[in-house]
Amino acid sequence: MSRDARPLVSIVSVEKHFGAFHALRGVSLDVAEGEVLCIIGASGSGKTTLLRCINQLAVPDSGAIWVAGELTGYRLAGERLHRLPEHEIARQRRATGMVFQRFNLFPHMTALENIIEGPLQVLGRDRASAVAEAKELLARVGLADKAGNYPANLSGGQQQRVAIARALAMHPQLMLFDEPTSALDPELVGEVLAVMKELAASGMTMIVVTHELAFAREVADRVVFMDHGAIVEAGSPAQVLGAPKEARTQAFLSAVIS
């Protein structure tokens, strides 16, 4: 797997509060191009907030995040940071695809229509090429025969696979997954994880918040354990999941595995 000298994502000393709640506490993290990073931790540990800051759905109180070499959300003029206008933030956000716990598909659009909406409206693609690529993406996620189905006629696993195809249609450099299987019935989890494994094998840079430890063990290049808004431990899956050094990591894994 290739690695560039400069990380694709660089997070430096990010802090985030929601009122009195300290969601992120000085988080610093680099992610290389082509790397698959899995983030684990208990509910409320800051995992989702970190993803939302990377994708500019939440604004850090301090610190900085670079994606593909570009400072997100701000421009530096002299020694002062100036918040970017919304159209510039929207442009930056195109570098990142995000798949949420809930599928967030447009209920009045078919699977194919959900996928082509972004390329048509945001990227200015012509309809014929957008439709052709959407059909290829549906085939890639195992849903070639579901192009004309509406979300209500798809299972949860199928909807989540359409959501992944929709994100890929924007040609992101980075994919963020926020517990993508947590809303699924257990028998549907495997079909979504299989798509994610194929995506990882293709070289896509991925940051995955997950409770699927077997997936993290098999697919991740690195695993990060977060607790109370901070990174407690980071390393290879074998190290963090198999031989954790920190007591908090050990306690979390014992509770999850037992």
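For the options Pro237, Pro180, Pro85, a Gaussian network treatment of the chain with springs between C-alpha atoms closer than 10 Å singles out Pro85 as fluctuating the most. Over the residues of the chain, the helix contribution to mean residue ellipticity at 222 nm works out to -10500 deg cm²/dmol, using -39500 (n - 2.57) for each DSSP H run of at least 4. For the range 26-121, rounded, prolate or oblate, judged on the Cα gyration tensor with a ≥ b ≥ c (square roots of eigenvalues), a/c < 1.5 rounded, else prolate if a/b > b/c? It comes out oblate by the Cα gyration axes. Derived scalar couplings between HN and Hα for the range 7-20 equal x, 6, 10, 10, 10, 10, 6, 7, 10, 8, 10, 10, x, 7 Hz in order, rounded to whole Hz, by the Karplus curve 6.51 cos²θ - 1.76 cosθ + 1.60 (θ = phi - 60°), x for Gly and Pro. Quick one: how many lysine pairs does the chain have with C-alpha atoms less than 24 Å apart and a gap of 8 or more or different chains? Give me the count, please. Counting lysine pairs in the chain gives 6. Counting only protein heavy atoms and a probe of 1.4 Å, the accessible surface of the chain is 52% carbon and sulfur. Close amide H contacts of Gly46 (hydrogens built in the peptide plane, cut-off under 5 Å, sequence separation of 5 or more or a different chain): Gly229. If a/c stays under 1.5 just call it rounded; otherwise compare a/b with b/c (prolate if a/b is bigger, oblate if not). Do that for the range 1-64, with a ≥ b ≥ c from the square roots of the Cα gyration tensor eigenvalues. Prolate is the answer for the range 1-64, as a/c is 1.5 or above and a/b outweighs b/c. Across the chain, counting alpha-carbon atoms alone, Rg and Dmax equal 18.5, 55 Å.
Counted over the chain, the DSSP beta bridges are approximately 60% antiparallel.
Proximity of backbone amide H atoms, modeled 1.01 Å from N, is registered between Glu233 and Phe225 at under 5 Å, excluding neighbours fewer than 5 places apart on the same chain. Taking a ≥ b ≥ c as the square roots of the Cα gyration tensor eigenvalues, with a/c under 1.5 meaning rounded and otherwise prolate when a/b beats b/c, else oblate, which class fits the range 207-250? Oblate, because a/c is 1.5 or more while a/b does not exceed b/c. Using C-alpha pairs under 8 Å with a sequence gap of at least 6, the mean separation divided by the residue count of the range 41-133 gives a relative contact order of 15 percent. The Cα center of the range 42-84 and the Cα center of the range 123-196 differ in position by 27 Å. Within the listed set Gly19, Gly41, Gly242, the Gaussian network model of the chain (springs between alpha-carbon atoms below 10 Å) gives the highest mean-square fluctuation for Gly19. Note that the chain presents 46 Å² accessible area per residue, ligands and nucleic acids not counted, probe 1.4 Å. Rounded to the nearest Hz, the phi-derived 3J(HN,Hα) couplings of the range 145-153 under the Karplus curve 6.51 cos²θ - 1.76 cosθ + 1.60 (θ = phi - 60°) are 8, 10, 4, x, 7, 7, x, 4, 9, where x marks glycine and proline.
For the range 190-199, backbone phi angles converted through the Karplus equation (6.51, -1.76, 1.60; θ = phi - 60°) give residue-by-residue couplings of x, 5, 6, 4, 5, 5, 5, 5, 4, 5 Hz, Gly and Pro being listed as x. Considering only Glu218, Glu79, Glu187, the Gaussian network model of the chain with Cα springs below 10 Å gives its largest mean-square fluctuation to Glu79.
The values are calculated or read from the model by the stated rules, or taken from the named source; none is laboratory data. Quick caveat, the model's predicted, so the values are computed rather than measured. Ligands, DNA and RNA are stripped out before the accessible areas are found, and what is left, the full protein with its side chains, is counted by its heavy atoms. Shrake-Rupley method; radii C 1.70, N 1.55, O 1.52, S 1.80 Å.
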